[in-house]
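The values are calculated or read from the model by the stated rules, or taken from the named source; none is laboratory data. On a predicted model such as this, the values are computed, not experimentally measured, just so you know. Positions of Cβ are backbone-derived with ideal geometry, glycine not excepted, and every protein chain shown enters the neighbour counts.
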Amino acid sequence: MNGEPDLLIGGTWRHAADRGTRDVINPANGTVAAVVDEATADDARDAVAAARAAFDDGAWRATAVTERAELLDRVADLLQRDKDDLARLETVDTGKTLAESHIDIDDVTSVFRYYSRLVGAEADRIVDVGDPAVISRVVREPIGVCVLIAPWNYPLLQMSWKIAPALAAGCTMVAKPSEVTPLSTIAFTHLLEEAGVPPSVVNLVQGSGAALGTALTDTDDVDFISFTGGLGTGRTISKVAAEHVTKVAVELGGKNPHIVFADADADSAIDHVLTGVFLHSGQVCSAGTRLIIEESIADDFVAELAGRAERIRIGDGMDPASETGPLVSEQHRAKIEEYVAQGVSEGAKLVTGGARPSDPALAAGSFYLPTIFDRCQRSMRIVQEETFGPILTVERFTTEAEAIALGNDTQYGLAAGVRTSDSARGERVVRALRHGTVWLNDFGYYTAAAEWGGFGKSGNGRELGPTGLTEYQEIKHIWHNTAPTPAGWFKG
Ligand code: NAP
């Protein structure tokens, strides 16, 4: 960063092979926040080779689980020690508020603590095969070399969901953050070294997915690819990996319904719908971007919501007064503007937003106003596609069955919210929704101890929880006969 080498390959920090660099832009003001090394495909190949050699060497995977658990705890301690610095990096890189970045670093810490405890408590499974001479046991072993690819919206958080279980399992790895937001991951990789992660166990490259993707995925040297990002990229990586029969877990986008029944507590419903969609300017995979609301309360609810949306304080994430920051880049804002134009042309009713803020103090940043479209139809692109920005669409229903049908009418299936004071109905609806996480009378919360992942085209893997560790493990059955005798099948 800023002249220091940023690629960690085979235990050595180095610059890119061609000395290429990239300017990392602060989206709040358009200035260059840092200059980082931009890896080449050769660098990525070196990183995979280093991770392969370190895994095949066997030393890391043979470490006692207690040793790995202690290492994860040391990482957690260092994260807390450097929390303020890491949070600042996350804010200048992504634009999110400093308060959100602090929460992110606490969450990253809890992921390391969780996997430290979980891996320490793992036990082999003994299978009774009916012969006292045979010890049959099922053991878990590290899956091998992992490629970990993360997006830009929660750079360190998403990466930690991968690195923590991969380390806990005894894997070696190559981490690739988004080219747009590499800063916190670079700083964090230095912490991993300080915590005592052996050389070559964690390798770090940053650069564009297009430039590095083939080197990272089109190879027999990788055993598992964990990818979080968009549907199109997930498809590309899955196809490439299939040629090598490499296991892939893709964690993709969402188009998440937030269903509000007329009997829901109004104050908390409005507040959670607002936060659910406009937090981090809607750049959240589980953002509740589709409000599905009972017709009888819809007009008043939407009016109240629009008033609240107009009062959201937008600004530089470093300013404590800001409640939400800019979009991550000018390029991303242009995409949001296209979606808004599309919504208008498709006939949705623009209730509020739909423009850049007029405040001249925000002119240099990639800011966009919280935007609400009412009277939306399921066929509209803004209803079906993940906009990944501050855009809420409103659809109305009159029956419970209609609400469920609308909630499931998406190619995605990442997350959903349901709000009602009728708990029996609430339970019926949450079971009927085909989404990986469903909140009943809440929205957006998660814990390191519970699985996260999607149904449908939101992905095929699970992160966090016990399954988030088993993704990084192979399962081996060991049949040990302590008193061998001839099989006796062939008589000659
Ligand atoms: P993206 O464009 O798909 O990029 C994700 C990562 O993949 C980035 O590191 C990107 O690198 C890399 N990449 C791009 N092309 C690649 C290729 N051919 N081979 C290997 N890697 C490649 O997604 P994004 O725009 O960063 O992230 C937004 C998406 O992530 C949204 O759809 C959001 O819903 C999803 N997301 C899902 C979850 C979840 O838990 N399901 C969580 C967070 C975000 P570069 O950036 O360097 O090009």
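Assorted remarks:
- Scanning the range 83-128 for residues that are surrounded by 17 or more Cβ atoms within 10 Å (Cβ to Cβ), of a type in the set (A, V, I, L, M) and closer than 16 Å to G468 by Cα yields V108, V111, L118, V119.
- Leading residue by the ranking (nearest to the ligand (Cβ to nearest atom)) among those in the range 441-450 that are touching a residue at least 12 places away in the same chain (Cβ under 8 Å) and surrounded by fewer than 17 Cβ atoms within 10 Å (Cβ to Cβ): Y446
- Selection within the range 129-155 - more than 12 Å from the ligand (Cβ to nearest atom) and either under 13 Å from S226 (Cβ atoms) or surrounded by 20 or more Cβ atoms within 10 Å (Cβ to Cβ) (or both): P142, I143, G144, V145, C146
- Pairs with Cβ under 9 Å, 6+ apart, first in the range 460-479 and free of Cβ contacts under 8 Å to residues at least 24 places away in the same chain, second assigned to a loop (DSSP other than H, G, I, E, B) and among the small types (G, A, S): G465/A448; G465/A449; G465/A450; T467/G453; T467/G461
- When the test is whether a residue is out of contact with any helix residue (DSSP H, G or I) (no Cβ under 7 Å at 6 or more places or on another chain) and either over 30 Å from I478 (Cβ atoms) or crowded, with 20+ Cβ neighbours inside 10 Å (or both), K162 passes it.
- Filtered residue count, the range 235-270, keeping only those that are in contact with a Leu (Cβ under 7 Å, 6 or more places away or on another chain), assigned to a loop (DSSP other than H, G, I, E, B) and more than 9 Å from the ligand (Cβ to nearest atom): 1
- Residues in the range 176-192 that are within 12 Å of the ligand (Cβ to nearest atom) and either in contact with a Phe, Trp or Tyr (Cβ under 9 Å, 6 or more places away or on another chain) or in a loop (DSSP other than H, G, I, E, B) (or both): P177, S178, E179, V180, T181, P182.
- In the range 210-229, the qualifying residues are those that are near the ligand (Cβ under 10 Å from one of its atoms) and under 16 Å from the mean Cα position of the chain (by Cα), and the one that is surrounded by the most Cβ atoms within 10 Å (Cβ to Cβ) is F227.
- Those residues of the range 371-387 which are under 18 Å from G254 (Cβ atoms) and at pLDDT below 95, in sequence order: R378
- Scanning the range 334-360 for residues that are within 16 Å of P27 (Cβ to Cβ), free of Cβ contacts under 8 Å to residues at least 40 places away in the same chain and in a helix (DSSP H, G or I) yields a count of 2.
- Residues satisfying the stated conditions in the range 441-475, i.e. farther than 23 Å from R235 by Cα and either in contact with a Ser or Thr (Cβ under 8 Å, 6 or more places away or on another chain) or in a loop (DSSP other than H, G, I, E, B) (or both): N441, D442, F443, G444, Y445, Y446, T447, A448, A449, A450
- Boolean, G232 is more than 16 Å from the ligand (Cβ to nearest atom) and over 30 Å from R419 (Cα atoms): no
- Some residue of the range 111-123 being of a type in the set (V, I, T) and in a helix (DSSP H, G or I): yes
- Residues located in the range 388-419, provided they are of a type in the set (S, T, Y), crowded, with 24+ Cβ neighbours inside 10 Å and farther than 15 Å from G456 by Cβ: T393
- Answer from A44, A34 - the residue that is assigned to a helix (DSSP H, G or I), surrounded by 15 or more Cβ atoms within 10 Å (Cβ to Cβ) and small (G, A, S): A44
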